[in-house]
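One structure is given here, and the rest of the page talks about it.
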Amino acid sequence: MRFVKWARDTEGIKDLEQLDPQADELASRWLQMEVDAHKSLYALQTARASLRMFFSDRVLVSGVQLPKRHDVDITRSHNAAARDLHFQPADWPEFMTFQGAVGLRKGELERIRVGDIRYNAAGRLVAVVRNGKGGKAREAPVLSGCEQAVLDLVTGRKPEEKVLAKVPDADVHGMRRDYAQALYRQYAPGWPALPPKEQRLQPTDYNRDAVKLVSKALGHNRLDVVLNNYLQ
């Protein structure tokens, strides 16, 4: 979770026993930084819901005011925006946890089974997509730091069960974009957080190997699609 990493790096927090007494103060500071960075309303709502789930506190960070919808530059489709009007992330904790960690397409979320969550040959926890776009199979790595949350969703359940009983009518693509950006950051430490959007990209603007890995995780073949639609 990015908040935990931030708390560790900036506040020297080493374990949850230190974090819990300061949870609202630190989480509010971090979320306000996200607001000030002009993150999308959807990303802010998701972050707030994740914090509240993490600390099991439904009123955490209540002092942070998220921007109103009309104040946000919405670039998604009309249908996606309409969906968000009635979708409340806090009402779908299992979906938010799982999709936030694996970044699948909606149809893939509806089909994936408990037995498809496993460790691969490299020892990384992955979601095995058996029939992705174009009928292709792939492994979607679980984001680092989210492994235990995903394991908690599937442990003790039958392999043939669906991971999610129901997938809400939410902005799944927006969550795939957030997943792609988080995965890129993990694969490209030491590089700028994301490739710049204000200029035409040069090969030195991004880590090509990291983009390839993100593209593979998303189930895309073209790097330009990932760079232009997910990482900028």
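ARG8: at pLDDT 80 or above, closer than 21 Å to LEU183 by Cα, of a type in the set (Lys, Arg) and surrounded by 19 or more Cβ atoms within 10 Å (Cβ to Cβ), yes or no? Steps first, please.
Values: at pLDDT 80 or above: yes; closer than 21 Å to LEU183 by Cα: yes; of a type in the set (Lys, Arg): yes; surrounded by 19 or more Cβ atoms within 10 Å (Cβ to Cβ): no.
Against the criterion (at pLDDT 80 or above, closer than 21 Å to LEU183 by Cα, of a type in the set (Lys, Arg) and surrounded by 19 or more Cβ atoms within 10 Å (Cβ to Cβ)), ARG8 does not qualify.
Tally the residues that are acidic (Asp, Glu) and surrounded by fewer than 13 Cβ atoms within 10 Å (Cβ to Cβ), restricting the search to region 11-26.
Qualifying residue count for the region: 4.
Scan ARG29, ARG48 and give me the residue that is within 17 Å of the chain's Cα centre (by Cα) and surrounded by 16 or more Cβ atoms within 10 Å (Cβ to Cβ). If you could, list the steps in order and put the result at the bottom.
Working: ARG29 fails: within 17 Å of the chain's Cα centre (by Cα).
Within the list ARG29, ARG48, the selection yields ARG48.
Within region 89-121, track down each residue that is outside any helix (DSSP H, G or I) and either modelled with pLDDT of 90 or more or farther than 15 Å from GLY174 by Cβ (or both).
Answer for region 89-121, where residues must be outside any helix (DSSP H, G or I) and either modelled with pLDDT of 90 or more or farther than 15 Å from GLY174 by Cβ (or both): GLY103, LEU104, ARG105, ILE112, ARG113, ILE117, ARG118, TYR119, ASN120, ALA121.
Do you know which of the residues in region 32-44 that are of a type outside the set (A, V, I, L, M, F, W, C) and part of a helix (DSSP H, G or I) is nearest to LEU60 (Cα to Cα)?
Residues of region 32-44 that are of a type outside the set (A, V, I, L, M, F, W, C), as a first pass: 32, 34, 36, 38-40, 42.
Subset that is part of a helix (DSSP H, G or I): 32, 34, 36, 42.
Numbers: GLN32: 13, GLU34: 16, ASP36: 19, TYR42: 18 Å.
My answer is GLN32.
Residues are listed down the side, and each one gets a yes or a no for (1) of a type outside the set (Phe, Trp, Tyr); (2) not in a helix (DSSP H, G or I):
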| position | (1), (2) |
| --- | --- |
| TRP6 | no, no |
| PRO21 | yes, no |
| ALA27 | yes, no |
| TRP30 | no, no |
| THR46 | yes, no |
| LEU51 | yes, no |
| VAL59 | yes, yes |
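Test of understanding: among ALA180, ALA188, which residue is within 13 Å of the chain's Cα centre (by Cα) and of a type in the set (A, V, I, L, M, F, W, C)?
ALA180
Of the conditions (1) at negative phi; (2) of a type outside the set (D, E, K, R); (3) part of a loop (DSSP other than H, G, I, E, B), GLY145 satisfies every one except a single condition; which number is it?
Among (1) at negative phi; (2) of a type outside the set (D, E, K, R); (3) part of a loop (DSSP other than H, G, I, E, B), GLY145 violates only (1).
I'd like to know if region 187-209 contains one or more residues that are in contact with a Ser or Thr (Cβ under 8 Å, 6 or more places away or on another chain) and either without any contact (Cβ under 8 Å) to a residue 40 or more places away in the chain or on the phi < 0 side of the Ramachandran plot (or both). Break it down stepwise before answering.
Of all residues in region 187-209, those in contact with a Ser or Thr (Cβ under 8 Å, 6 or more places away or on another chain) come to none.
No; the residues of region 187-209 include none that is in contact with a Ser or Thr (Cβ under 8 Å, 6 or more places away or on another chain) and either without any contact (Cβ under 8 Å) to a residue 40 or more places away in the chain or on the phi < 0 side of the Ramachandran plot (or both).
What tally of residues in region 148-185 results from selecting those that are of a type outside the set (A, V, I, L, M, F, W, C), touching a Gly at 6+ places or on another chain (Cβ under 9 Å) and not in a loop (DSSP other than H, G, I, E, B)?
Residues in region 148-185 being of a type outside the set (A, V, I, L, M, F, W, C), touching a Gly at 6+ places or on another chain (Cβ under 9 Å) and not in a loop (DSSP other than H, G, I, E, B): 4 in total.
Looking only at region 152-177, filter to residues that are over 18 Å from ILE117 (Cα atoms) and of a type in the set (Asp, Glu); which one of those is nearest to the chain's Cα centre (by Cα)?
Going through the qualifying residues, I end up with ASP171.
Give me the residue from region 51-62 that is within 14 Å of GLN32 (Cα to Cα) and either surrounded by fewer than 12 Cβ atoms within 10 Å (Cβ to Cβ) or not small (Gly, Ala, Ser) (or both) and, out of that set, modelled with the lowest pLDDT. Break it down stepwise before answering.
Quick first cut of region 51-62, residues within 14 Å of GLN32 (Cα to Cα) only: 51, 60-62.
Filter again for either surrounded by fewer than 12 Cβ atoms within 10 Å (Cβ to Cβ) or not small (Gly, Ala, Ser) (or both), leaving 51, 60-61.
Values: LEU51: 84, LEU60: 88, VAL61: 87.
Filtering region 51-62 for residues that are within 14 Å of GLN32 (Cα to Cα) and either surrounded by fewer than 12 Cβ atoms within 10 Å (Cβ to Cβ) or not small (Gly, Ala, Ser) (or both), the one modelled with the lowest pLDDT comes out as LEU51.
The values are calculated or read from the model by the stated rules, or taken from the named source; none is laboratory data. From a predicted model like this one, the values you see are computed outputs, not experimental measurements. Don't worry about glycine lacking a Cβ; one is built from the backbone with ideal geometry, like all the others, and counts go over all protein chains shown.
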